[in-house]
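Beneath this line is the structure, given in structure tokens, with notes to follow.
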Amino acid sequence: MSESGDTVAAAARKHGYRRRRCVLICVSFAVLVLLLVAAAAAIVALAVLRPRDATTELLSVNATGAAPSVVALPTVNVQLNITFLLIVRVSNPNPAAFRHGAASMVLLYRGAEVGSAAVPAGTVPSHGAETLRLNMTVQADRVVAAAGIGGLLGDVLAGEMEFEARTEVWGRVKILGLVRRSAEARSVCRVVIGVADVKVRRQECHSAARL
């Protein structure tokens with residue numbers, strides 16, 4: 001009877017050990033599956049929610065004013081009255097709002113600043129865009145300082161003046177309160193206007209962004 005009881009107890013212990021082992025394997029497998037699912041979900045979330053570059057695009061450029069002229073007598077006098085109207089679009093491809101500070105645009109002539117404009121801070125909605133209208137008056141004294149009388153006179157006689165417009169927008173993207181990144185969107189546009197009619201003849205733009 002004693003030997004029979006010992007055999008039954010040993011069998012019960014062996015059965016309990018196998019059961020606990022089976023439960024441990026099942027739990028371990030379930031935890032592994034959950035970890036794999038969590039890792040996959042994290043990868044997908046990072047791919048979907050990763051902050052993307054905001055972009056700027058110059059939609060149109062219009063120039064108005066009087067034709068530039070240089071009067072040589074009795075003293076050299078530059079007559080220049082040109083105003084640019086630039087329409088810039090800031091696009092936000094992120095699933096969260098892009099909050100930007102004051103946007104700035106600088107107008108260059110022969111590498112020197114001859115005009116500037118600023119736009120107050122704002123917010124571009126998720127997957128949306130904001131259109132900025134910038135008026136910029138060319139300052140005659142800076143044009144003369146940049147090109148000199150001879151250089152300006154050469155452009156006037158050639159019938160064209162080439163300007164460069166640079167737009168910079170700084171902001172921040174915050175997604176689900178977890179991912180926060182600073183962003184900068186920039187565009188550089190080369191604009192050529194005709195001296196006789198003060199009309200845009202050619203323009204070429206390039207955009208860049210940095211997170």
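The values are calculated or read from the model by the stated rules, or taken from the named source; none is laboratory data. Nothing here was measured: the structure is a model prediction, and the numbers come from that model. Positions of Cβ are backbone-derived with ideal geometry, glycine not excepted, and every protein chain shown enters the neighbour counts.
Results, tabulated for the structure shown:
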{"quantity": "Identity of the residue in the range 149-169, part of a strand (DSSP E or B) and in contact (Cβ under 8 Å) with a residue 60 or more places away in the chain, that ends up surrounded by the most Cβ atoms within 10 Å (Cβ to Cβ)", "calculated": "Val169"}
{"quantity": "Yes/no for Gly65 being loosely packed, with under 13 Cβ neighbours inside 10 Å and at pLDDT 80 or above", "calculated": "no"}
{"quantity": "Residue in the range 96-110 that is within 23 Å of Cys205 (Cβ to Cβ), in the same structural domain as Arg201 (by TED's automatic domain parsing), out of contact with any Asp or Glu (no Cβ under 7 Å at 6 or more places or on another chain) and basic (Lys, Arg) present", "calculated": "yes"}
{"quantity": "Any hit, the range 127-144, residues being more than 21 Å from Glu162 (Cβ to Cβ), buried (at least 17 other Cβ atoms within 10 Å of the Cβ), charged (D, E, K, R) and out of contact with any helix residue (DSSP H, G or I) (no Cβ under 8 Å at 6 or more places or on another chain)", "calculated": "yes"}
{"quantity": "Residue list for the range 76-114, restricted to those being of a type in the set (Gly, Ala, Ser) and assigned to a loop (DSSP other than H, G, I, E, B)", "calculated": "Ala96, Ala97, Gly101, Ala102, Gly111"}
{"quantity": "Qualifying residues in the range 115-143 (those that are part of a strand (DSSP E or B) and small (Gly, Ala, Ser)) - the one farthest from Ala54 (Cα to Cα)", "calculated": "Gly115"}
{"quantity": "Ala118 vs. criteria among the hydrophobic types (A, V, I, L, M, F, W, C), surrounded by fewer than 13 Cβ atoms within 10 Å (Cβ to Cβ), assigned by TED's automatic domain parsing to the domain that holds Val195 and within 15 Å of Phe84 (Cα to Cα)", "calculated": "yes"}
